[in-house]
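For reference, the structure is listed below as structure tokens.
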């Protein structure tokens with residue numbers, strides 16, 4: 001790639017016009033970032049339909065080698081850019097994180113498409129991760145389903161601009177310029193669901209509490225109204241009515257005393273709301289039937 005010395009003339013030291021094509025004054029960070037931004041080696045792997053658009057971006061019509069993304073490597077040891085192109089399933093996120101840990105620093109992650117960015121049409125699905133940023137530090141998001149090759153090129157150029165703003169002198173700017181090696185990203189544990197090893201202590205405490213026969217009141221089990229959040233916790237048997245207490249606002253961390261028999265008014269509130277919703281649905285259905293008969 002031809003070096004344009006005029007790119008380095010934005011300094012506090014003036015350069016004579018006749019020497020602009022022969023002399024360049026710059027900082028070490030700017031020169032180092034110029035070399036990295038124009039020699040990004042993406043990692044060669046694809047997950048779903050976005051991979052077809054990524055292949056098209058590397059073909060002769062679009063040719064992202066013009067921007068310095070010359071070679072796509074088939075091994076993480078020789079790559080510094082991971083393009084997550086496609087739907088990330090819970091089974092596939094484990095090897096993806098493992099491959100990311102094998103990439104040398106500096107390294108970057110580009111989430112290509114709606115699935116890799118936030119789950120896409122499969123968000124909250126039983127087998128799909130709702131965004132790659134839950135497990136890896138994503139630098140650039142490319143929206144679309146799937147995004148066009150032009151969109152991927154725009155995302156790559158945005159990554160180059162981000163690299164230009166990084167500084168070697170500031171050790172806190174990016175993790176790989178600090179003192180010592182960076183900590184590897186924890187590899188998720190594949191079980192009935194994806195488990196983050198950094199949350200193992202919390203999961204272990206919840207499992208021990210459940211083993212003692214004490215139920216945890218989760219936020220998903222309570223309605224969103226403040227009436228349900230402040231519902232009283234009462235035992236089912238009248239002989240234990242004296243053990244009732246107010247449910248705290250943070251119901252996820254609320255644990256009843258050991259041996260207690262948990263019961264709240266939330267079940268009654270949910271049932272009443274369900275019946276009212278069914279009644280409204282029946283009224284709307286009857287009105288539509290009357291309009292159809294009138295026509």
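Considering every residue within the range 169-192, establish whether at least one is farther than 21 Å from residue 111 by Cα, modelled with pLDDT under 75 and buried (at least 16 other Cβ atoms within 10 Å of the Cβ). Yes; the residues of the range 169-192 include at least one that is farther than 21 Å from residue 111 by Cα, modelled with pLDDT under 75 and buried (at least 16 other Cβ atoms within 10 Å of the Cβ).
To keep it simple, each residue is scored yes or no on (1) crowded, with 20+ Cβ neighbours inside 10 Å; (2) out of contact with any helix residue (DSSP H, G or I) (no Cβ under 9 Å at 6 or more places or on another chain).
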site: 102; (1), (2): no, no
site: 113; (1), (2): yes, no
site: 119; (1), (2): no, yes
site: 129; (1), (2): yes, no
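Looking at 99, 110, which one is within 21 Å of residue 152 (Cβ to Cβ), in contact (Cβ under 8 Å) with a residue 40 or more places away in the chain and over 13 Å from the mean Cα position of the chain (by Cα)? First the steps, then the outcome.
Values: 110 fails: over 13 Å from the mean Cα position of the chain (by Cα).
Residue meeting the stated conditions: 99.
In the range 154-162, is there at least one residue being in contact with a strand residue (DSSP E or B) (Cβ under 8 Å, 6 or more places away or on another chain), part of a loop (DSSP other than H, G, I, E, B), more than 16 Å from residue 34 (Cβ to Cβ) and at pLDDT 90 or above? Within the range 154-162, not a single residue is in contact with a strand residue (DSSP E or B) (Cβ under 8 Å, 6 or more places away or on another chain), part of a loop (DSSP other than H, G, I, E, B), more than 16 Å from residue 34 (Cβ to Cβ) and at pLDDT 90 or above.
Each residue in the range 15-32 was checked for being in a loop (DSSP other than H, G, I, E, B) and within 30 Å of residue 177 (Cβ to Cβ), and 6 of them qualify.
Filter the range 45-60 down to the residues that are in a loop (DSSP other than H, G, I, E, B) and free of Cβ contacts under 8 Å to residues at least 60 places away in the same chain, then identify the one that is farthest from residue 129 (Cα to Cα). By that ranking, first place goes to 60.
The values are calculated or read from the model by the stated rules, or taken from the named source; none is laboratory data. This one's a predicted model, so the numbers in the text were calculated from it and none came from an experiment. Heads up, the Cβs are rebuilt from the backbone with ideal geometry, glycines too, and the neighbour counts pull from every protein chain shown.
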